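Encoded as structure tokens, the structure appears first; notes follow it.
The values are calculated or read from the model by the stated rules, or taken from the named source; none is laboratory data. Quick caveat: nothing in here was measured; it's all calculated off a predicted structure. Here the Cβ positions follow ideal geometry from the backbone for every residue, glycine too, while neighbour counts run over all protein chains shown. Note: accessible area is taken over every heavy atom of the protein model, side chains too, but ligands, DNA and RNA are not part of it. Shrake-Rupley method; radii C 1.70, N 1.55, O 1.52, S 1.80 Å.
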Amino acid sequence: MKLSTERILTTHTGSLPRARDLTTTLEELDAGSAPDAAAFEARVRRAVADVVRQQIDAGVDIVNDGEQGKVGYSTYVRHRLSGFEGSSVVAQRADWADFPEALARHPRSSVARPSCTGAIEWTDREAITRDIADLEAALKGVSVTEAFMTAASPGVIAHFLKNEHYPTREAYLARLVDIMKDEYDAIHRAGFVLQVDCPDLAMGRHLAFPDLSNAEFLKIAAANVEALNHALRDIPADRIRLHLCWGNYEGPHHRDIPLRQLLPVALKARPQALSFEGANPRHEHEWIVFREIRLPDDRVIIPGVLDSTTNFIEHPELVAQRLVRYAEVVGRERVIAGTDCGFATFARSVNQVEPEITWAKFKAMAEGARLASAQLWR
């Protein structure tokens, strides 16, 4: 994994805006209408090429495919695996539920979330091969520092796609580990950095287990980390990054579990790099946690310096301030600039940030990284 040895590098969380026609096709796919396979694959390949160029133009150093062919960063697996049918009941967000009048004015958008109702097996093993080929094609003839690919963690799949088949949650996780290991290994063999998306480690606290204490939830998070480590056992730690977040939505977030309590559990995961929210007003202050909990010498952090839920374009000087704070605590070479979360997490959801503003925010991040680098390497 490339590190910030000469300057602060920039990256992001994964999902990026999709063209309207591609979003429509993905919505139809999620609703059960299969598109023409050849036409869909060709459209996704063009979209990946376009989004790689846009990242480069915006100053992103470590790029990806923008998840252009995925209907959602976690629920995409239902189109590659058997066992997911029907529709699961989505619980109300506990933080919004504390404010019923506000909730009534801000109803949730719907996202198709089936349940696990049968044995999980691969039905489309070639999907990850196509993903890899699309990104490889997009990278030909362009210059980037590095490329990564995202994949859902067993824990986040279990969070969004409820278990109604396996006898226990542990058995469900174990099967997901066996299955998803194939995808993780394929990404690694292709030479890309693997990012495992693990919002379950933070978001799960107030969305899935609001009635538990923090201590009780941390035991669940630790079990998710143990399962993840088993799935990642054959990939070197320095080729993996982990993303955690408290939910990519604008809301109260007053029930979020503090990073101070969560970090010791997250650091038990194998990935070298940890990506997390650091820009939004509920979590920006938590840079100070790294003064209290020492980052192991072999670890890297990717703090969010852009809020992925607001159309405010962060000032480059603010981005630089955020980066310098972290660098002065953990060391400049162990900080990579990132985003709080994705900018198009689910194709079916309305972008919280306008696509053209997303790219302006990335340019601000790149300029902020340059300003921070000038200060840190002077």
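For the pair R299/R282, report the inter-label distance in nm, with labels modelled 7 Å from Cα in the Cβ direction.
Going by the 7 Å Cα→Cβ label model, 2.2 nm.
Which whole-number percent is the relative contact order of the stretch 215-370 (Cα, under 8 Å, 6+ apart)?
That works out to 23 percent.
Just how large is the dipole of the stretch 184-262 about the Cα centre, in debye to the nearest 20, putting +1 at every Lys and Arg Cβ and -1 at every Asp and Glu Cβ?
Roughly 160 debye for the stretch 184-262.
Find how many whole Å separate the alpha carbon centroid of the stretch 19-87 from the alpha carbon centroid of the stretch 178-249.
21
Go ahead and collect, in residue order, the members of the stretch 49-70 whose backbone nitrogen is under 19 Å from a label point 7 Å along the Cα-Cβ direction of R20.
In the stretch 49-70, the label zone of R20 (backbone N under 19 Å from the point 7 Å along Cα→Cβ) covers 51.
Straight-line reach from K219: which lysines have Cα under 20 Å away, leaving out those fewer than 8 places along the same chain?
K162, K268
In the stretch 139-244, carbon and sulfur make up what percent of the accessible area (probe 1.4 Å)?
Carbon and sulfur together cover 51 percent of it.
In nm, give the distance between the simple-model label positions of R291 and D234, each being 7 Å from the Cα along the Cα-to-Cβ direction.
Once both label points are built, they end up 4.5 nm from each other.
L212: net charge of surrounding residues, Cβ under 12 Å, Lys/Arg +1, Asp/Glu -1, itself excluded?
+1
Can you give the accessible area per residue of the stretch 133-249, in Å², using a 1.4 Å probe?
35
List the aspartates and glutamates whose alpha-carbon lies under 15 Å from that of K363, not counting same-chain residues fewer than 8 positions away?
Qualifying aspartates and glutamates at Cα under 15 Å: D57, D61, D307, E314, E317, E354.
Using the Cα centre as the reference, give the magnitude of the dipole from point charges on the C-beta atoms of the chain (Lys, Arg: +1; Asp, Glu: -1; all else neutral), rounded to the nearest 20 debye.
Using Cβ point charges on Lys, Arg, Asp and Glu, the chain gives about 540 debye.
Quick one: accessible surface of S82, probe radius 1.4 Å, all protein chains present, in square angstrom to the nearest 10.
Estimated to the nearest 10 Å², S82 gives 30 Å².
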